[in-house]
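Inspection log for the structure reproduced underneath, given as C-alpha cells.
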C-alpha cells in the first residue's frame, strides 16, 4: 500500500503542466523554443484570462504563440518581444505586473498592511507589558461594613 | 477618544471589503484599448468576396467617423449584434468589417443570409491584423475619426442601448470636429 502511494506520489510529482503548445508551433532551434516557452509562461491568454498563452487552447493564444516565435526568429530580444505584445494588449497581458506608478499599491500594499499590523501589535505589546502599578483602592468604611455583613451572613 | 483606535482595523476591513465588492462587479473582459487616441495600425487585408475591394488602413481615413467591426461567422455574439449593424447601415453609418479567422465560404454564406452591413470587408484569416488591433474576442468595434485615429473601442456587441448612450453621441461629436 505504502509502495503504491509512494509510486503514485512520484508519478504526480513528475507530471509537468499540460501545455497547449502544439508540435507544429514549436521552433526547431531548442534555444529559441526555450526562450519562447519562458516568455509564453508570463503572458496571459486574453480569452481565458487566468491561463498563460502556453496553457491555453484558445485560438488567439495559439496565434500569440506563433507571433511570439516569429518575433524571436526575427531577432527580437525577450524584452522586445514582450513589449511588442504589451503594445497591442496593454499591461494586462503580463501575468506579473510591472513596477510602475499605477501598480504601486499592488506591489507595496501588502508590506504597508504588514507594517501597520506590526505597529498595532507593537503598540499592544507595549501597553500590555506595563504592569498595573496603581495601588488598589482602599474600601470605604461603608463598603467595609457591607462586606463584613455579607461574610457573616454566608457563615451561617 | 483613545478607544476609537480599536475601530481602525474594522474601518480598514470595511474599506477593503467595499473595494473588493466593487472589483467583483467589474467585467474583467472590458480591457482598455492601447489604441485610444492613436492612429490605426497599418494593415492591408484581401477581400472576402473576390469581386469586392479588400480593406486597408488607408480606407479608414477621410470622409467622416466610421466604425471598424471585428466579426466572424462563427461568433455567436456577432450574430446577436448583426441586426443592430444592419439598422445602423440603413441610417447611413459607415461600417467597415474585419472578418476574423473565418473561411470565405462561411463568411459569404453568413452575409448572404443575414445581410451585409459593411462598406468593405477585410479577410483576416491568419489573425495578424486582429492582434495588431489588440482584439481579444469578437465582436469588438472601433470608432475611428476622419484622421484614422481610434477614439473608442466597444468590447462585445453593440446593443441599441450602447449605441444611443455612448457611440451615437461620440459619432455626432466626431462629425462636427
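Within region A:133-141, does at least one residue satisfy the condition of being surrounded by 10 or more Cβ atoms within 10 Å (Cβ to Cβ) and touching a strand residue (DSSP E or B) at 6+ places or on another chain (Cβ under 8 Å)?
For region A:133-141, residues surrounded by 10 or more Cβ atoms within 10 Å (Cβ to Cβ) and touching a strand residue (DSSP E or B) at 6+ places or on another chain (Cβ under 8 Å): absent.
When you go through (1) surrounded by fewer than 16 Cβ atoms within 10 Å (Cβ to Cβ); (2) farther than 14 Å from residue B:134 by Cα; (3) more than 9 Å from chain B (Cβ to nearest Cβ) one by one for residue A:40, which number turns out not to apply?
Failed condition: (1).
What number of residues in region B:33-72 are under 14 Å from the mean Cα position of the chain (by Cα) and over 17 Å from residue B:154 (Cα atoms)?
0
I'd like the residue in region B:96-121 that is in contact with a helix residue (DSSP H, G or I) (Cβ under 7 Å, 6 or more places away or on another chain) and closer than 30 Å to residue A:66 by Cα and, out of all such residues, is farthest from the other protein chains (Cβ to nearest Cβ).
Per the stated criteria, the residue is B:120.
Return yes when residue A:79 is away from every other protein chain (no Cβ under 14 Å), in a helix (DSSP H, G or I) and closer than 28 Å to residue B:40 by Cα and no when it is not.
Against the criterion (away from every other protein chain (no Cβ under 14 Å), in a helix (DSSP H, G or I) and closer than 28 Å to residue B:40 by Cα), residue A:79 qualifies.
Within the bounds of region A:46-53, is there any residue that is at pLDDT below 85 and assigned to a helix (DSSP H, G or I)?
No: zero hits.
Which one of these does residue A:12 not meet: (1) buried (at least 16 other Cβ atoms within 10 Å of the Cβ); (2) at pLDDT below 90?
(1)
Identify all residues within region A:43-71 that are away from chain B (no Cβ under 11 Å) and surrounded by fewer than 22 Cβ atoms within 10 Å (Cβ to Cβ); write none if there are none.
Residues satisfying the conditions are A:51, A:52, A:55, A:57, A:71.
Given the conditions (1) closer than 23 Å to residue B:62 by Cβ; (2) within 14 Å of chain A (Cβ to nearest Cβ), report the number of the one that residue B:136 does not fulfil.
Residue B:136 satisfies every listed condition except (1).
If you go through region A:129-137 one residue at a time, do you hit one that is under 30 Å from residue A:26 (Cα atoms) and not in a helix (DSSP H, G or I)?
No; the residues of region A:129-137 include none that is under 30 Å from residue A:26 (Cα atoms) and not in a helix (DSSP H, G or I).
The values are calculated or read from the model by the stated rules, or taken from the named source; none is laboratory data. Please read these numbers as outputs of a predicted model, since none were measured by experiment. Every residue, glycine as well, gets a Cβ built from its backbone with ideal geometry; the counts of neighbours run over all protein chains shown.
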